[in-house]
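> Below is a structure I'd like to ask you about.
Where a number appears in this text, it was derived from the coordinates with a stated rule and is not lab data. None of these values were measured; they are calculated from a predicted model. Here the Cβ positions follow ideal geometry from the backbone for every residue, glycine too, while neighbour counts run over all protein chains shown.
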């Protein structure tokens with residue numbers, strides 16, 4: 001396979017001097033890997049196709065883990081994107097429960113932890129991200145969990161019984177979603193958050209305060225500006241100790257303090273990495289035979305004028321689709337407007353775009369009604385929109401944020417007007 005060099009200038013054009021790779025290997029077993037193989041086969045790719053996944057399970061959905069799967073209302077059999085028959089029918093070779101340990105870029109091979117070696121013409125890294133851990137005394141005690149895999153949730157569910165005391169470290173998406181589910185299962189729940197409000201990295205203060213009030217209404221205790229000092233217990237965790245001297249009894253603990261890109265394999269292979277595996281707009285790494293997609297990547301965004309590493313199912317889906325098309329010669333720039341969602345109790349938060357760097361927030365509606373939106377502006381341009389139980393606004397927001405519109409702030413605040421009518 002020659003170096004892929006001359007790319008078409010527009011989506012859908014073909015690579016110059018491109019020869020189809022005969023053997024594509026994908027390292028990773030999540031959303032990006034599943035979407036890539038489906039796109040490749042749907043677009044007619046007939047070459048050898050291999051997935052190497054560290055977990056023993058078929059590629060499966062992650063969003064239900066902290067929601068319906070934790071609650072027990074979503075069965076394990078519903079998690080996989082596709083069942084084994086799909087991979088068999090489409091001649092996709094699976095090496096599951098195996099960890100890739102080395103990439104030999106010169107020989108174009110991937111070595112696994114069982115010593116086996118797999119050759120590739122083109123390689124797609126879809127290694128995702130892993131839950132960050134906390135380096136405090138007692139962190140290795142039984143009963144202290146992260147929530148990232150189905151196995152994590154199975155272990156947590158085995159500990160969830162009404163009346164038990166759960167402490168959640170971290171007031172982000174995962175922590176708050178888990179808090180909502182555990183509370184509905186009848187557990188006493190305390191959330192410890194170092195910042196002065198929940199979800200502080202991704203939403204404005206009115207949205208944070210709304211969710212804090214929702215959790216309080218359901219009986220969750222949220223401790224803000226509270227650091228973690230240690231866990232204690234004899235044979236398992238029994239208490240969480242905070243930096244302010246507070247001690248909180250705990251029968252189980254969930255640590256939800258964010259994730260980190262799984263980029264060690266790429267780093268050790270000499271690929272350029274900086275807060276993830278660096279790729280260009282065509283999902284190529286610094287090696288033209290290696291592509292990357294999903295949470296592990298750091299990619300350029302023309303829309304926001306900077307490089308981004310996104311932790312988003314939708315982003316993994318879109319970037320993997322673009323990577324697959326580029327792998328088979330259809331030049332496709334990846335630069336979709338990101339969006340994210342969170343379900344907590346009967347409240348759905350949907351975030352369209354990225355609000356970092358905004359200089360103004362305009363609220364549409366009253367949070368007391370439990371249906372409102374927050375619009376983020378920078379120099380008059382609409383950067384992002386958070387919608388809370390407002391499906392009508394979020395559908396329009398996707399088009400307006402992508403179009404970089406400059407809405408009238410006064411009209412934006414007028415909920416009698418459609419969001420669409422706030423732009424000339």
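> Find the centroid of the Cα atoms in the range 390-421 and in the range 82-135, then give the distance between the two in whole Å.
Cα centroid to Cα centroid, the span is 43 Å.
> Under 8 Å for C-alpha pairs, at least 6 residues apart: give me the relative contact order for the range 238-343, rounded to a whole percent.
19
> Here's a follow-up. Considering only DSSP beta bridges where both residues belong to the chain, give the percentage that are antiparallel (nearest 5). Before the final figure, lay out each step's value.
Numbers: 47 of 81 bridges.
Counting only bridges with both partners in the chain, antiparallel ones make up about 60 percent.
> What FRET efficiency comes out for residue 264 versus residue 306 if R0 is 35 angstrom and r is the Cβ-Cβ distance? Round to the nearest 0.05.
Numbers: r = 24 Å, r/R0 = 0.70.
About 0.90, to the nearest 0.05.
> Which value in nm describes the separation of the simple spin-label points at residue 86 and residue 74, placed 7 Å from the Cα toward the beta carbon?
Rounded to a tenth, the inter-label distance reads 1.5 nm.
> Quick one: compute the contact order of the range 346-422, relative version, from alpha carbon pairs under 8 angstrom and 6+ residues apart, as a percent.
Values: 148 pairs, mean separation 23.2, N = 77.
Relative contact order here is 30 percent.
> Right, another one. Quick check: the distance between the Cα centres of the range 26-79 and the range 199-223, to the nearest angstrom?
So the two Cα centres are separated by 32 Å.
> Any chance you could tell me what percent of the C-alpha pair distances in the chain go past 36 Å? Intermediate values should be presented prior to the final figure.
Numbers: 28823 of 89676 pairs.
It works out to 32 percent of all Cα pairs.
> Still on this structure, I have one more. Given the -39500 (n - 2.57) contribution per DSSP H run of 4+ residues, what per-residue ellipticity at 222 nm results for the chain, rounded to the nearest 500 deg cm²/dmol? Provide the component values of the computation, followed by the final result.
Details: 10 runs with 92 residues, N = 424.
Computed ellipticity for the chain at 222 nm equals -6000 deg cm²/dmol.
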